[in-house]
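The values are calculated or read from the model by the stated rules, or taken from the named source; none is laboratory data. If you're wondering where the values come from, they're calculated on a predicted model, not measured in any experiment. All Cβ positions, even for glycine, are placed from backbone atoms using ideal geometry, and neighbour counts span all protein chains on display. These accessible areas exclude ligands, DNA and RNA; they are computed on the full protein's heavy atoms, side chains included. Shrake-Rupley method; radii C 1.70, N 1.55, O 1.52, S 1.80 Å.
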Amino acid sequence: MTKFAFLILNYKSTHETEQCVDSIENLEQEENDVQIIIVDNDSQDGCVEHFRKIYKGKKYIHIIENENNAGFSRGNNIGYRYAVNVLKADFICIMNNDTLIEQNDFFEVICDEYKKSNYGIMGPKIYLNEGR
């Protein structure tokens, strides 16, 4: 079983983060262990409480509450270390919270490409609303 950890950095953006989480939850998972890490960068606007409430009982969603705004890089590094040291993830997907994954074969593509190239870092194909 392959373990995927999705890391989403949040700052005062509950709606965008929820949509991002929804897009991950809607992927065809089959035999993968999928974990979602939300790192809140000290929003202080009720985001953390909201996430704890709506994701209560979903053990695959992990919420990390930073005590101060660590910025983009440090905020992601906090989640990355959690994915590596606590979750022992095979693949870590660092995502902006306004990103939606719409590719149903996402996990298959990631694993197939890794088998071919043994990549260390892989970037996405990004399509604009106009299809470009």
Provide the solvent-accessible area of ILE54, counting protein heavy atoms only and rolling a 1.4 Å probe, rounded to the nearest 10 Å². 60
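If you place +1 on the Cβ of every Lys and Arg, -1 on the Cβ of every Asp and Glu, and leave all else neutral, what size is the dipole of the chain about its Cα centre, to the nearest 20 Debye? Walk me through the numbers on the way to the answer.
Values: 14 positive and 22 negative charges, 92 e Å.
Charge dipole, the chain, about its Cα centre: 440 debye, nearest 20.
I need the chymotrypsin sites (Phe, Trp or Tyr not before Pro) found in region 27-132, filtered to DSSP loop residues with at most 12 other beta carbons within 10 Å of theirs. Walk me through the numbers before you get to the answer.
Details: sites: PHE51, TYR55, TYR60, PHE72, TYR80, TYR82, PHE91, PHE106, PHE107, TYR114, TYR119, TYR127; in loops: TYR55, TYR60, TYR119, TYR127.
Answer by residue number: TYR119, TYR127.
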Just grab the label-to-label distance for ASP112 and ASN68, each label 7 Å out from Cα along the Cβ direction, in nm (one decimal). 4.7
Sparse-neighbourhood loop sites, GluC sites (Glu not before Pro) in region 10-66 - DSSP loop, at most 14 other Cβ within 10 angstrom: GLU28, GLU30, GLU31
The ³J(HN,Hα) series, computed from each phi in region 47-54 with the Karplus coefficients 6.51, -1.76 and 1.60 at θ = phi - 60°, rounded to the nearest Hz and given as x for glycine or proline, is 4, 4, 4, 4, 4, 4, 6, 6
Measure nothing but the geometry: give the 0 to 90° angle between the long axis through the Cα atoms of 71-85 and the longest principal axis through the Cα atoms of the chain, rounded to 10°. 60
In sequence order, what are the phi-derived ³J(HN,Hα) couplings for region 28-38 according to the Karplus relation 6.51 cos²θ - 1.76 cosθ + 1.60 with θ = phi - 60°, rounded to whole Hz, with x for glycine and proline? 6, 9, 6, 9, 9, 9, 10, 10, 10, 10, 9
Report, by chain and number, residues whose modeled amide H sits under 5 Å from the one on PHE6, excluding near sequence neighbours (fewer than 5 apart, same chain). GLN35, ILE36, ILE37, CYS93
